[in-house]
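Some notes on the structure that comes next.
What follows draws every value from the coordinates through simple rules; no lab data is involved. Quantities reported herein were computed from a predicted structural model and do not represent experimental measurements. Ideal geometry is used to build each Cβ from the backbone, glycine not excepted, and the neighbour counts take in all protein chains shown.
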């Protein structure tokens, strides 16, 4: 009878290759063939930013330069929410 289970269980996973990621903003800039000094003056990039400002990364300095309102929202993770609920005496049973 052979061994059972995964022989690598509990061993650290060796790091893989670092793959650079490109943001949607960088893709838009590349598609529009813009240099950084052209960003503020590009009406097409500004329109893209207007449509995507709530769902994509856009440099805050550009949003400010274009006069878009910037609202800061704190990041609250699931574990923080669970911790806060437990400290407030909420549980799954209490609904």
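Details
- Label sites at residue 37 and residue 72, each approximated as a point 7 angstrom past Cα along Cα to Cβ, lie 3.2 nm apart.
- Calculated FRET value between residue 64 and residue 27, using beta carbons and R₀ = 22 Å, to 0.05: 0.50
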